[in-house]
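Reviewing the structure listed below.
The values are calculated or read from the model by the stated rules, or taken from the named source; none is laboratory data. If you're wondering where the values come from, they're calculated on a predicted model, not measured in any experiment. All Cβ positions, even for glycine, are placed from backbone atoms using ideal geometry, and neighbour counts span all protein chains on display. Quick note on the areas: whole protein, heavy atoms, side chains included, nothing else; ligands and nucleic acids left out. Shrake-Rupley method; radii C 1.70, N 1.55, O 1.52, S 1.80 Å.
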Amino acid sequence: MSRREELKQTLLRHLLLNGRATRPELVAVTGVRAATVFEAIDELKEAALVVEPERRGKKTGRRAPELCIEPNCCFTVGLELRVSGCIGVIVDAAGNIVHRAEHIAGLRQSLLDVKREILEVLQHLRDLASSEEWALVKGVGFADPGLVDIERNYSIRAVNIPAWQEMETGRMLENASGLPARVWPEAMVKTRMEYLQRLPDAPESLFNFVTDDGIGGGFIKKGELFVGSSGRAMEIGHIVVQPGGARCQCGNSGCLESVASPNGLAEKIAESRAAGVDLGGLPENFSMKTFAEFAARNRGVRIIADELCRDLGNALSVAVMLLNPEMIVISGKFASLGNFLSGALRRELELRCFPEAVRELKIEISTLDIFDTARSAAMMMRDRIMLKGCDI
């Protein structure tokens, strides 16, 4: 690759990550002389990859116009497989959702049932798009709820969707769409969107603590996701926090996911009820917000909540001591616990970690919506296409 091509990729990468930038800002980012950067920008504009408001008249001291990605230079599809169903979006090159679809999970008795569900969402998106829009679609990104072999584009196993295992997901999506496809762990995909949503003031490093039916994590630093040597990093849900505790679907006992996931919480409450513990009338089908309200006024619920927070804090302290993140974001079902959980986790981390690692640590609650993870998968595929020189 020539130096000019490397420079254009650097410029594209900055715009894809940050959304917008002025010419002077891009000169500062690259460290290359202005004339060379401006020539590369003009080539990107001529290729219809980048747009810039036209400059008019003499300089007036106003801020330089901002460049951004041309929204219609390519579209991508993003899919997320969840315990509750499958989410899909079509996204333009600027990251805007053009179309969206949702499929509620049916009876998943076999791998074929899950495959059918994913492909139905893909087909639904294709039906929603006009022929002109679908012609712009250049790839498919997939957020997988389980273990993934990223290099092989292969889904290994999702412990919370037993039928979903040993699947050549990338090849399936490519065969169905006729487009290149990539597969990434859902927690990793979600983490990137948490980072993007905080730009331009995103922290240097961010750990995303995903608390859904499965518990996972993701780590990003300076815009780069940490993957690990075999693509299996950040499996915080399978840190053993209670040796000899409840059996986890991964095969171990006492994993965080088995004792402190939403399902684990429901089991603790059921055990307490069976033992005759007074839970103050906590409803059978309670929301996390309701659980936090009852924990504030009922001793029995508070004991369960304290145990939950100890287990979560135990595992999270490992991430804090190893990674020393600037920010932790709590996403997933437990995010509904809001300040109750973030405050309890901070107290646990203060007990377990070096003071210097916690003193400036920010703990925030995710504000992502149901389509944002699929959107992030589409944007990751967009980046791969635009930065790898694929024909768009």
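Things worth noting here:
- Spin-label model distance (nm) - residue 105 vs residue 4, 7 Å beyond Cα toward Cβ: 5.3
- When both region 92-132 and region 361-377 are represented by their alpha-carbon centers, they are found 20 Å apart.
- Taking every full run of DSSP H in the chain, the ones that stretch at least 24 Å from end to end by Cα along their long axis and average 0.0 or higher on the Kyte-Doolittle scale are 111-128, 299-323.
- With the simple spin-label model, which puts each label point 7 Å out from Cα in the Cβ direction, the residue 339 to residue 226 separation comes to 3.1 nm.
- For the pair residue 198 and residue 34, the difference between a 0.36 nm per residue extended length and the Cα-Cα distance amounts to 56.2 nm.
- In region 130-201, the DSSP beta bridges split such that about 50 percent are antiparallel, to the nearest 5.
- Kirkwood Rh (inverse of mean 1/r, distinct Cα pairs), region 1-136, angstrom: 17.6
- Each of 357, 164, 111 was scored by the projection of its Cα onto the charge dipole of the chain, and the greatest displacement toward the positive side belongs to 357; charges sit on the C-beta of Lys, Arg, Asp and Glu.
- For region 263-355, alpha-carbon Rg and Dmax in angstrom: 14.1, 43
- Packing around the peptides 359-367, 303-311, taken as the average count of other Cβ atoms within 10 Å per residue, puts them in this order, highest first: 303-311, 359-367.
- The loop-placed GluC sites (Glu not before Pro) in region 223-305, going by DSSP, that have at most 13 neighbouring Cβ atoms within 10 Å of their Cβ come out as 284.
- Sulfur and carbon atoms: percent of accessible area, the chain [1.4 Å]: 48
- Stretch gain in nm, segment residue 293-residue 127, where the contour uses 0.36 nm per residue and the Cα spacing is subtracted: 55.3 nm
- Cα radius of gyration and Dmax for the chain (Å): 23.0, 80
- Relative intensity, log₁₀ I(q)/I(0), of region 133-183 from a Debye sum that treats every alpha carbon as a point, q = 0.12, 0.17, 0.21, 0.24 Å⁻¹: -0.27, -0.50, -0.69, -0.83
- Each 10 Å bin from zero holds the following percent of Cα-Cα pairs in region 251-315: 21, 56, 21, 2.
- Rg/Rh, computed from the Cα trace of region 233-392 with Rh as the Kirkwood radius, has the value 1.04.
- Bridges between two residues of the chain, per DSSP, are antiparallel at a rate of about 65%.
- Of all DSSP-defined beta bridges confined to region 130-257, some 75% are antiparallel rather than parallel.
- For region 151-171 versus region 246-280, the gap between their alpha-carbon centres in whole angstrom: 27
- Flagged links, alpha-carbon separation over 23 Å, of 268/333; 8/190; 8/222: 8/190
- CD proxy at 222 nm, helix term only [per DSSP H run n ≥ 4: -39500 (n - 2.57); per residue of the chain; nearest 500]: -13000 deg cm²/dmol
- Per residue value of the accessible surface for the chain (all protein chains in place, 1.4 Å probe), Å²: 47
- Ordering of 131-140, 348-357, 376-385 by packing is 376-385, 131-140, 348-357, highest average first (other Cβ atoms within 10 Å, averaged per residue).
- For region 161-316, dividing the convex hull volume of the Cα atoms by the residue count gives 169 Å³ per residue.
- Extension gain (nm, one decimal) between residue 171 and residue 116, 0.36 nm per residue minus Cα-Cα: 18.4 nm
- For region 182-275, with +1 on Lys and Arg beta carbons and -1 on Asp and Glu, the positive-most of 242, 260, 217 along the dipole: 217
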